[in-house]
Each structure stands twice: as structure tokens, then as C-alpha cells.
1. Quick one: Cα centre-to-centre distance for the stretch 175-203 and the stretch 1-40, in angstrom?
2. Suppose all protein chains stay in the model; what accessible area per residue would a 1.4 Å probe give for the stretch 106-214, in Å²?
3. Starting from the 7 Å offset along Cα-to-Cβ, what nm value, one decimal, do you get for the label separation of N154 and R12?
4. In whole angstrom, and with the biggest value first, how far do the Cα coordinates of the chain range along each principal axis?
5. Sorted by accessible area (1.4 Å probe), largest first, how do K196, K208, K68 line up?
6. With a Förster radius of 22 Å, plug the Cβ-Cβ distance of E197 and N129 into 1/(1 + (r/R0)^6) and report the FRET value to the nearest 0.05.
7. For the stretch 106-214, what is the largest minus smallest coordinate of the Cα atoms on each principal axis, given in angstrom and ordered from greatest to least?
Amino acid sequence: ERQIQQFADYARLLVEWNEKMNLTAITALEEIYEKHFYDCLLLHRLVKLEGSLCDVGAGAGFPSIPCKIAFPQLHVTIIEPLGKRCVFLHELCKELQLENVTILNERAEDEAKNSMQRYDIVTARAVANLRVLSELCVPLVKVNGYFATMKGANGLEEKQDATKAMNILGAKFEKEDIVCLSDGANRVNILYKKIKETPKGYPRMYAKIKKNPL
């Protein structure tokens, strides 16, 4: 009952705050539940949601907050560079009474300097091309931990292009999960296991990553 109410409050706050700032283009209640909440919870089909989870570029809290509601034992860290979104996330966690959620208003490549190989699971949803995203996320993952990327229809193509980057950064493809939503859109979620430490020098500064992705 409590979790059902938390999702209802989350949807309400998302719509309310979206009038003040750009959080989501999806504001119809049914679509929020399917294209945000259900979509985020597909993560548990890839990896057991326990221990520490870091969400890179969470925006309005996706996928980490729906996962935290459904799996309250998770210790969540959110890395979000936009300050106003962090204000929303702080208020959201307060209203939903979520514990063990840390919100960091900084860029992933900067946080990596403090948190190299710290998290059991690192995830990102709709953030950047996988060749770029891998360098922002994989360095944060513990050896034997997991990087889970949540993609749209181009996910398998991005996976192919990112093979070299994953090898360099110390990650190995584990499995993929493809789900079709009610509107026919495909969600392609891909799991990598961190099999060795990321070499020193990664991640580079974002301008270098973007200009010359691995």
C-alpha cells in the first residue's frame, strides 16, 4: 500500500513541478506509469536490485527512484548536473520519505575522481550514446559489479559500436533484454559486468570524451 501511494505521489509531483521546469514531455497519468515507472522497473529483469545503485544523469529520478520505491533496501546515489533538477529530487525524496538516497549536483566524470569503482550497480537511462556513456559510467562500477544501460530502438546498434570502449574500460557484455511497450516502441536494456579495474586516466574530461569517444 505504501509503495502504491509513493508512485501516486511521484506522478502528482512530477506533473506539478513540470509546470515550473522541464522534467518530462510525458504528463498523461497512464503514460507516466507505463513509459516512466514500468519502463524503469524493467531494470530488475536485467540485474538483482540490491546493494548500492548509482544513477548517472537521472533527470527527474529515472530509473533510480522507481527502483528505490519498489526495492526499498537499495542504497541509491543520483548524479545530476542540473541544479534545478536536484532541487526537485530533494523535494521528491522528502515527500516520499525515501531513506538512503544521496543526490550529487555534479557531472559523472568529476564524481568518478571520488568514487572510482564504488558501486555495485551503475545505470543510466536516455543520457548519451553508449560510446560516450560507457566512459562516464563504467569507472564508477566495482569489479564484479554491473553497468546497466537503458536504451531505445537503437540500443543494439549502440552496443555493437561500444564493444571497443567496454573492452578498454574493463566491462564485458552479460545480457540484453528487449521489451515492447503498448505503443509499439522497443526498450533495449543491456547489462555489462565489470571484470577488471578501469585503467588510470579514465574517465577523461567530458569535452574530450565527446570529441573523441572510445
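1. Here the two parts' Cα centres lie 24 Å apart.
2. For the stretch 106-214, the solvent-accessible area averages 49 Å² per residue.
3. It is 3.8 nm.
4. 44, 37, 32 Å, listed from the longest principal axis down.
5. The residues order as K208, K196, K68, largest area first.
6. That gives a FRET efficiency of 0.35.
7. 42, 29, 26
The values are calculated or read from the model by the stated rules, or taken from the named source; none is laboratory data. All figures in this text were calculated on a predicted structure; none of them were measured in a lab. Positions of Cβ are generated from backbone atoms using ideal geometry, with glycine treated the same way; all protein chains shown enter the neighbour counts. Note: accessible area is taken over every heavy atom of the protein model, side chains too, but ligands, DNA and RNA are not part of it. Shrake-Rupley method; radii C 1.70, N 1.55, O 1.52, S 1.80 Å.
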